[in-house]
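**Q** My questions will all concern the structure given below.
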There are 2 protein chains.
Amino acid sequence: MSVTDELLANAQRYAAGFDKGDLPLPPAKGVAIVACMDARLNVYGLLGLSEGDAHVIRNAGGVITSDEIRSLAISQRLLGTKEIVLIHHTDCGMLTFTDDGFRAQVQADTGIKPEWAAEAFPDLEGDVLQSIERIKASPFVPDKSSVRGFVYDVKTGELNEATG
Amino acid sequence: MSVTDELLANAQRYAAGFDKGDLPLPPAKGVAIVACMDARLNVYGLLGLSEGDAHVIRNAGGVITSDEIRSLAISQRLLGTKEIVLIHHTDCGMLTFTDDGFRAQVQADTGIKPEWAAEAFPDLEGDVLQSIERIKASPFVPDKSSVRGFVYDVKTGELNEATG
């Protein structure tokens, strides 16, 4: 049995107990979260979210590239969210390599160098702050009145604001 | 009190009951999920995931752009995941507009046309299948042996495989 099949069996159990079929499309809390994809970061559990509450955007590092600007633009312009919360975390894989090293390794393995940066970073809090700046520098995200960034501690479960 | 402050209060409660401080960095189940950011789609709840199980990548639509290829390449190459699960969902905002219309509206509001496509789609299952093809066409995702795509039904809670 593949892991995917195991997850599908879990999904059948979720559907069997499902009672949230009438939630509206726009997020009830008017907030978009941008977080790292890390397996230990349970965004719903950590922030106490329920179905219907918030947009959740995730990628390697919780970084801001043009695709996160696309998602945030759609979230705010079409679905009415106003606040943005960024979450990086301790012990992140992005601290363990460099963009140059990653792209060179991919080129060595495949013969092709990725046209994108891997978005590795050496400093957690520093990258949260520059991610906030990337959002503030974008003309496509209309509401920048509440853009706050945090570092989640995978050892303690604590969420600490990046203050610079 | 802002929504962000309300979520931070929830995070304090999560930390107070936290007992998962020794989980390893690589996902235990060796799987990466790519899902829409939609607020009604609770990926952990739906798939029965716990902290440490799986990488979760999310964006507007659950689409595959270069940033999702970046995340999947890091997930597989550096953190050992092997299976990929894509999830779109019914009543998706991406069904309600067109790329041309969105980019024209942004240009009308800001004076600047985004350099990226909004990645809207008219057909849910069709976009799941072409998202799978984008992954299969990428030289940077090494393991394509299990790339499966699904449509989550926000009315019933059911997850149905896109079979074409």
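**Q** Do any GluC sites (Glu not before Pro) in region A:66-133 lie in a loop, going by DSSP, with at most 15 other beta-carbon atoms within 10 Å of their beta carbon, and if so which?
**A** Counting only loop positions with at most 15 other Cβ atoms within 10 Å, the GluC sites (Glu not before Pro) in region A:66-133 are A:GLU115.
**Q** Here's something else I'd like to know. Sort chain B into rounded, prolate or oblate with this rule: let a ≥ b ≥ c be the square roots of the eigenvalues of the Cα gyration tensor; rounded if a/c is under 1.5, and if a/c is not under 1.5, prolate when a/b is larger than b/c, oblate otherwise.
**A** Working: a/c = 1.62, a/b = 1.19, b/c = 1.36.
Since a/c reaches 1.5 but b/c is at least a/b, the shape of chain B is classed as oblate.
**Q** Which order do B:SER2, B:SER131, A:SER66 take by accessible area at a 1.4 Å probe, largest first?
**A** A:SER66, B:SER2, B:SER131
**Q** Where a Cα-Cα gap under 16 Å defines reach, which aspartates and glutamates qualify for B:LYS29, not counting those fewer than 8 residues away within the same chain?
**A** The qualifying aspartates and glutamates are A:ASP5, A:GLU6, A:ASP38, B:GLU51, B:ASP53, B:GLU83, B:ASP143.
**Q** Between chains A and B, what is the buried accessible area summed over both chains (1.4 Å probe, protein heavy atoms, nearest 100 Å²)?
**A** Summing both chains' loss of accessible area gives about 7000 Å².
**Q** Going Cα to Cα from B:LYS113, which lysines come in below 23 Å? Please leave out same-chain ones fewer than 8 positions away.
**A** A:LYS82, A:LYS136, A:LYS144
**Q** For a paramagnetic label modelled at 7 Å from the Cα of A:ARG13 toward its Cβ, which residues of region B:15-47 fall within the zone defined by backbone nitrogen distances under 15 Å?
**A** The answer is B:44-47, whose backbone nitrogens lie closer than 15 Å to the label point.
**Q** Another one. Run the label-point distances for A:LEU25 please: 7 Å along Cα to Cβ, every other copy, nanometres, shortest first.
**A** Output for A:LEU25: 4.0 nm, nearest copy listed first.
**Q** Which ³J(HN,Hα) values in Hz, rounded to whole numbers, follow from the phi angles of region A:7-14 under the Karplus curve 6.51 cos²θ - 1.76 cosθ + 1.60, where θ = phi - 60° and Gly and Pro get x?
**A** 5, 5, 5, 4, 5, 5, 5, 4
**Q** Let me ask something else about it. Give the residue from B:THR98, B:PRO27, B:GLY149 lying farthest towards the positive end of the charge dipole for region B:23-161; charges sit on Cβ (+1 for Lys and Arg, -1 for Asp and Glu) and the dipole is referred to the Cα centre.
**A** About the Cα centre, the residue reaching furthest to the positive side is B:PRO27.
**Q** Largest first, what is the accessible-area ranking of B:ASP109, A:ASP53 with a 1.4 Å probe? The partial results should precede the final answer.
**A** Details: B:ASP109 95, A:ASP53 20 Å².
Ranked from most to least accessible, the order is B:ASP109, A:ASP53.
**Q** At a threshold of 8 angstrom on Cα-Cα distance, excluding pairs fewer than six apart, so keeping six or more, what relative contact order does chain A reach in percent? Show your work: numbers first, answer last.
**A** On the way: 251 pairs, mean separation 38.3, N = 164.
Answer for chain A is 23 percent.
**Q** In nm, give the distance between the simple-model label positions of A:ASP123 and B:ARG134, each being 7 Å from the Cα along the Cα-to-Cβ direction.
**A** For the pair A:ASP123/B:ARG134, the computed spacing is 3.3 nm.
**Q** Apply the a/c threshold of 1.5 to the C-alpha gyration tensor of the protein assembly as shown and tell me whether it is rounded, prolate or oblate.
**A** Rounded.
**Q** Which of the lysines could a cross-linker bridge to A:LYS155, judged by Cα under 16 Å and excluding same-chain residues fewer than eight apart?
**A** Cα-Cα hits under 16 Å: B:LYS20.
**Q** How far, in nm, would the chain grow between A:THR90 and A:ASP22 when pulled straight, counting 0.36 nm per residue and subtracting the alpha carbon separation?
**A** Here the answer is 20.8 nm.
**Q** Shifting gears a bit: Once the label point is placed 7 Å from Cα along Cβ, list for B:GLN12 the distances to the corresponding points in the other copies, in nm, shortest first.
**A** 4.4
**Q** Sticking with this one: Compute the accessible area per residue over region B:1-112, keeping the other protein chains in place, probe 1.4 Å, unit Å².
**A** Values: 3840 Å² over 112 residues.
Here the residues of region B:1-112 average 34 Å² of exposed surface.
**Q** Accessible area, 1.4 Å probe, largest first: how do A:ARG148, B:ARG13 sort?
**A** Largest to smallest exposure gives the sequence B:ARG13, A:ARG148.
**Q** Classify region B:1-49 as rounded, prolate or oblate from the Cα gyration tensor: take a ≥ b ≥ c as the square roots of its eigenvalues, call it rounded if a/c is under 1.5, otherwise prolate when a/b beats b/c and oblate if not.
**A** oblate
**Q** Net charge near A:GLU6: determine it from the other residues with C-beta under 11 Å of the C-beta of A:GLU6, scoring Lys and Arg +1 and Asp and Glu -1.
**A** Residues near A:GLU6 contribute -2 overall.
**Q** Before rounding to the nearest 500, sum -39500 (n - 2.57) across all DSSP H runs of length at least 4 in chain A and divide by the residue total; then give [θ] at 222 nm in deg cm²/dmol.
**A** About -11000 deg cm²/dmol.
The values are calculated or read from the model by the stated rules, or taken from the named source; none is laboratory data. Predicted model, so just to flag it, every value in this text is computed and none were measured. Because the Cβ atoms are built from the backbone with ideal geometry, glycine has one as well, and the counts that use them run over all protein chains shown. Ligands, DNA and RNA are stripped out before the accessible areas are found, and what is left, the full protein with its side chains, is counted by its heavy atoms. Shrake-Rupley method; radii C 1.70, N 1.55, O 1.52, S 1.80 Å.
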